[in-house]
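Peer 1: After the structure tokens below, expect a handful of questions from me.
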Amino acid sequence: MEADPTSSCDEPAPKVTQRAERLEKINQQLRSEIDERLRAEERLRKSEEKYRALFEESRDAIYITAREGTFLDANRAMLGLFGYTKEEMIGLSAREIYANPADREIFQGEAEEKGSVRDYEVQFRRKSGVVMDCLLTATVRRAGDGTILGYQGIVRDITGRKRAAEALRDSQVELLKRHEDLNNLFKQVEEAKREWEDTMDCIGSMVILTDEEGSIKRCSSEVTRFTGRLYGEIVGENWQALLSNSGFERKEHTGEGVELFHPASGRWFILHVDPFKKRDKDGVVGKVITIHDTTTLREMAQALELKNREVETKNSELEAAYAELKATQAKILQQEKMACIGQLAAGVAHEINNPIGFVASNLSTFDKYIKRLTEFIGLQTKIIETSAPGEAMEQQRQYRQALKVDYSLEDVAQLLVESVDGVDRVRKIVQDLKSFSRVDEADYKLADVNACIESTINIVWNELKYKATLSKEYGSLPLTKCFPQQLNQVFMNLLVNATQAIEKQGEITVKTWHENGSIVTTVSDTGCGIAAQNLNRIFEPFFTTKEVGQGTGLGLSITYDIVKKHGGEISVQSEPGKGTTFTVTIPVRKD
């Protein structure tokens, strides 16, 4: 700052003070102006933030464009309506969103002419290509000198509203058509009403319509005919009083309705009381009483019931006889089959016994001959060794070695032992067949139950050995009088069932013991078990859980009958997935 040439260090003190005061006032005024400008800027910033918040949160789609139509800004509603992101929308030409680009030129001309356009109807296209009907409200943005800067506006989707309006117009047309149809329908209803009344008068049943209190409002002509009273006399009367005065007597309530009897005519009727409702009202507004003449039907029903009883009695007798005959026939066939098997087994055993007998005898004789030949060869060898020359001895030794005489003698002895063992095994099988068939013991005789079980196991062993491990726990049992062949059948059925209950590999256990004057036998398996609902039916004839063709349902039924025939009991315990145990108890009898 340049020095004032007029100033002087000798300037008076009052002037200096006044100048300082003026400077202080200027400084205060400057500070005040700065503060005011800062406050204005803060107000402007808050106003802009408020405007931005309102702009972004508005449910209306708001946009700002330059004059040439390039989007400068758009709120979230605008972006959501057209399906663009902020980055995609900013810089996008407004022509891109017009379904018809010519609409853009019309809108721009009208807006610049009037300064603003309100509710301008136009079609826009979303980013996805979907066209929508919209209302566009926009104003022109101008600079201070009036130059057009661009446009700002609001877009509202009215697609749904337009469709609703179109639907409303269609609905109005439809209502007019329906009104005309209703007029025609009323005419048809009136005609149908007359036809219905005429129809009701033609039917043989009595029909009565009452109000809520039971007063008669209408009735068919059959009511007037049967009661002998005029229609005008009946209307307004209580329907129960009408029936009572006409001689009807109430008998009982059946499943079809209330039964009435008319002594004067000797006829029977069924009365129905149904609620009467109108479509235009809630709740019951009356009753519909129908009275049907059932005299003929009653007489026919009584005759038919009597006939049915006779037929049912005969049918039940025939069914019982047929079931008994069928079961008996099946059991006889099964028993005959078992008898045939027994006879066949006995025959086979007898036929095998004969050759086995002489084979065993021949083997015994052959054993003696071999021993003699062995002894003779030994003596002959000693004589040759003591008397023959050395050359002959060597030749005899070579022949003996070449022909393997010593080995043959030893092997023949072993072969004889094995052959005799095989014959004994065949004899044991034959004995089991004879024991199982019991052809010589078909009568009531003393028998050993353990022996019966053992012979039966030998017979079914070929089926049992591939699927189960057999455990036998025989107790000391007294002899008892029984039918051995039938007991064999019992044990065979139980063992075969146990084997079939095992799918792959399992265990079968047979136990016997003597308890309280009875012989108890159990056959247990680790098979699939029996369902609880089937336990009470397994002894019924023809009941089976096996597939068709794999079981007759007679095995356990015959087993049950045989055990009962011996005065015994058979029971079963089973748990699905764990196994089954059958327990057979028969009393020990000596006489």
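The values are calculated or read from the model by the stated rules, or taken from the named source; none is laboratory data. Nothing here was measured: the structure is a model prediction, and the numbers come from that model. Positions of Cβ are backbone-derived with ideal geometry, glycine not excepted, and every protein chain shown enters the neighbour counts.
Peer 1: Answer yes or no: is there a residue in segment 216-224 that is under 49 Å from the mean Cα position of the chain (by Cα), at pLDDT below 85 and either assigned to a loop (DSSP other than H, G, I, E, B) or polar (S, T, N, Q) (or both).
Peer 2: Filtering segment 216-224 for residues under 49 Å from the mean Cα position of the chain (by Cα) gives none.
For segment 216-224, residues under 49 Å from the mean Cα position of the chain (by Cα), at pLDDT below 85 and either assigned to a loop (DSSP other than H, G, I, E, B) or polar (S, T, N, Q) (or both): absent.
Peer 1: Limited to segment 156-211, what total is found for residues that are more than 30 Å from R59 (Cβ to Cβ), free of Cβ contacts under 8 Å to residues at least 60 places away in the same chain and among the polar types (S, T, N, Q)?
Peer 2: Selection size over segment 156-211: 5.
Peer 1: A further question on this structure: With a cut-off of at least 3 residues that are out of contact with any His (no Cβ under 8 Å at 6 or more places or on another chain) and at pLDDT below 75, name the helices (runs of 4 or more DSSP H) lying wholly within segment 1-111.
Peer 2: Counting at least 3 such residues, we get 13-57.
Peer 1: Only one of (1) at pLDDT 85 or above; (2) hydroxyl-bearing (S, T, Y); (3) farther than 20 Å from G567 by Cβ fails for T480. Which number is that?
Peer 2: (3)
Peer 1: Considering only segment 480-534, state which residues are exposed (fewer than 15 other Cβ atoms within 10 Å of the Cβ) and in a loop (DSSP other than H, G, I, E, B).
Peer 2: Scanning segment 480-534 gives E503, K504, Q505, N516, G517, A531.
Peer 1: Enumerate the pairs (first residue in segment 246-261 and closer than 14 Å to L297 by Cβ; second residue anywhere and part of a strand (DSSP E or B) and β-branched (V, I, T)) with beta-carbon separation below 6 Å, excluding pairs fewer than 6 apart on the same chain, so at least 6 apart or on different chains.
Peer 2: E256/I270; G257/I270
Peer 1: When you scan segment 276-292, do you find a residue that is more than 19 Å from S220 (Cβ to Cβ) and of a type in the set (S, T, N, Q), even just one?
Peer 2: Our first condition is that a residue be more than 19 Å from S220 (Cβ to Cβ); within segment 276-292, this holds for 277-285.
Still in the running and of a type in the set (S, T, N, Q): none.
Checking segment 276-292: not a single residue is more than 19 Å from S220 (Cβ to Cβ) and of a type in the set (S, T, N, Q).
Peer 1: What residue, among those in segment 229-244 that are in contact with a helix residue (DSSP H, G or I) (Cβ under 8 Å, 6 or more places away or on another chain) and not in a loop (DSSP other than H, G, I, E, B), is surrounded by the fewest Cβ atoms within 10 Å (Cβ to Cβ)?
Peer 2: Of the residues in segment 229-244, the ones in contact with a helix residue (DSSP H, G or I) (Cβ under 8 Å, 6 or more places away or on another chain) are 230-231, 234, 242.
Still in the list and also not in a loop (DSSP other than H, G, I, E, B): 231, 234, 242.
Details: Y231: 13, I234: 17, L242: 20.
Here the residue is Y231.
Peer 1: Same structure again: Quick check on my filter: what residues within segment 133-146 are in a strand (DSSP E or B) and among the acidic types (D, E)?
Peer 2: Of the residues in segment 133-146, the ones in a strand (DSSP E or B) are 133-142.
Residue satisfying the conditions is D133 alone.
Peer 1: Condition check: in a helix (DSSP H, G or I), at pLDDT 85 or above and either surrounded by 14 or more Cβ atoms within 10 Å (Cβ to Cβ) or basic (K, R) (or both). Does R169 satisfy that?
Peer 2: yes
Peer 1: Another question, then. Residues of segment 122-177 being of a type in the set (K, R) and under 60 Å from the mean Cα position of the chain (by Cα), which ones?
Peer 2: R125, R126, K127, R156, R161, K162, R163, R169, K177
Peer 1: Can you pull out every residue in segment 265-285 that is exposed (fewer than 10 other Cβ atoms within 10 Å of the Cβ) and either touching a residue at least 40 places away in the same chain (Cβ under 8 Å) or farther than 28 Å from R250 by Cα (or both)?
Peer 2: Our first condition is that a residue be exposed (fewer than 10 other Cβ atoms within 10 Å of the Cβ); within segment 265-285, this holds for 266, 279-283.
Of everything in segment 265-285, those that are exposed (fewer than 10 other Cβ atoms within 10 Å of the Cβ) and either touching a residue at least 40 places away in the same chain (Cβ under 8 Å) or farther than 28 Å from R250 by Cα (or both) turn out to be R279, D280, K281, D282, G283.
Peer 1: Condition first: out of contact with any Leu (no Cβ under 8 Å at 6 or more places or on another chain) and of a type in the set (A, V, I, L, M). Now tell me which residues in segment 142-182 satisfy that.
Peer 2: I148, L149, A164, A165, A167, L168, V173, L175, L176, L182
Peer 1: Let me ask you something else. Considering (1) at pLDDT 85 or above; (2) in contact with a Gly (Cβ under 9 Å, 6 or more places away or on another chain), say which one F542 fails and leave the rest.
Peer 2: (1)
Peer 1: Within segment 147-160, does at least one residue satisfy the condition of being part of a loop (DSSP other than H, G, I, E, B) and of a type in the set (G, A, S)?
Peer 2: no
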